[in-house]
Amino acid sequence: MAKSASAIRSVSRTFEILEVIRDLDGATIGEITERVDIGQRSVYNYLKTLEHNEYVDKDGDEYHIGLPLFSLGSHARNLVPIYDIAQPQVDRLAEETGELATLFVENNGLGVYLYYASGANGIELGTHEGEPVPLHSTASGKAMLAFRPQCEVDDILSEHGLPMFTSNTITTREALDDELTAIREQGYAESDEEQRPGLRSLAAPITDDDGRSIASIGLSCPVHRVDDDRFYGDYLTALQGAANVIELEYNYA
């Protein structure tokens, strides 16, 4: 039993190390040791095993995620039914607007950007594909929360809370409930520098036959470059059109 528990802890440590490397976009042994509760020698041994199996690559003093992990992640993404249907529409939205378009899903109460497509003027979102983010801090996440049963919303917020990322982040349940009501009424969500300064986003839910959100499609751009007329005009129209196509194909194809 003790040996089994030790093996389980080793697997858990391996994933912790990989997550640190992902979050830092490359990390040294010292940086990993600061964030994982084991010594440098143990971190080194884990990294050597991962490097031997090509799950991490070493570049100087830094370790980076290896391509085999990308392959595993891509395989998992391709198993999500909405992905194949939505990808062409996300690509088209990015090309039409010139901005960053995204496909977003919920997993265990957190949001995951399943796919990005960048137009001619697309910006970096600052979040990797597959990296979990709290739902309340993004337009994509709020679009999903607004079209989930109240009991699900309660469970998600009870587990993950309402952490602050910027001074604009919603951090009270009353304010979030008011916003979710507005999203249901207008059919789309927006985020104004709520997770990242200088970034504004729109998102539309993609729902199943029962009206429950299964994903959302989003569009992000810099605050300083896109005025309200274009943001709530051409961009919102293009976004909602893409969401409608995905929803129809998902539910009726």
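The values are calculated or read from the model by the stated rules, or taken from the named source; none is laboratory data. Predicted model, so just to flag it, every value in this text is computed and none were measured. Cβ atoms come from the backbone with ideal geometry, glycine included; neighbour counts cover every protein chain shown.
Among the residues in region 119-138, are any small (Gly, Ala, Ser), surrounded by fewer than 17 Cβ atoms within 10 Å (Cβ to Cβ), part of a loop (DSSP other than H, G, I, E, B) and at negative phi? Looking for residues that are small (Gly, Ala, Ser), surrounded by fewer than 17 Cβ atoms within 10 Å (Cβ to Cβ), part of a loop (DSSP other than H, G, I, E, B) and at negative phi, one finds at least one in region 119-138, hence yes. Cβ separations smaller than 8 Å between residues 6+ apart or across chains give the following pairs from region 125-137 residues that are in the same structural domain as Gly198 (by TED's automatic domain parsing) to residues that are modelled with pLDDT under 70: Glu129/Gly73; Glu129/Arg77; Gly130/Gly73; Gly130/Arg77; Val133/Thr127.
Only a single item in (1) touching an Asp or Glu at 6+ places or on another chain (Cβ under 9 Å); (2) at pLDDT 85 or above is not met by Asp23, and it is number (2). One residue stands out in region 232-251 among those that are buried (at least 18 other Cβ atoms within 10 Å of the Cβ) and of a type in the set (Phe, Trp, Tyr): the one that is farthest from Asp91 (Cα to Cα), namely Tyr250.
Only one of Glu174, Glu194 is modelled with pLDDT of 95 or more, charged (D, E, K, R), over 22 Å from Val90 (Cα atoms) and in a loop (DSSP other than H, G, I, E, B). Can you tell me which? So that I can check it myself, show each step before the final result.
Numbers: Glu174 fails: in a loop (DSSP other than H, G, I, E, B).
Exactly one of Glu174, Glu194 is modelled with pLDDT of 95 or more, charged (D, E, K, R), over 22 Å from Val90 (Cα atoms) and in a loop (DSSP other than H, G, I, E, B), namely Glu194.
When region 165-217 is filtered for residues that are surrounded by fewer than 15 Cβ atoms within 10 Å (Cβ to Cβ) and of a type in the set (A, V, I, L, M, F, W, C), the ones remaining, listed by number, are Ala175, Ala182.
Number of residues in region 167-219 that are charged (D, E, K, R), under 14 Å from Ser137 (Cα atoms) and more than 15 Å from the chain's Cα centre (by Cα) equals 7. Among residues of region 90-104 that are among the hydrophobic types (A, V, I, L, M, F, W, C), those with a beta-carbon under 6 Å from a residue that is modelled with pLDDT under 95 and surrounded by fewer than 17 Cβ atoms within 10 Å (Cβ to Cβ) at least six positions away or on a different chain give the pairs Leu100/Ile123.
May I ask you to verify whether Leu162 is in a helix (DSSP H, G or I) and within 28 Å of Asp23 (Cα to Cα)? Talk me through it step by step, then tell me what you get.
Values: in a helix (DSSP H, G or I): no; within 28 Å of Asp23 (Cα to Cα): yes.
So Leu162 does not fit the description; no.
Mind listing whichever residues of region 11-43 are exposed (fewer than 13 other Cβ atoms within 10 Å of the Cβ) and among the hydroxyl-bearing types (Ser, Thr, Tyr)? Across region 11-43, the qualifying residue is only Ser12.
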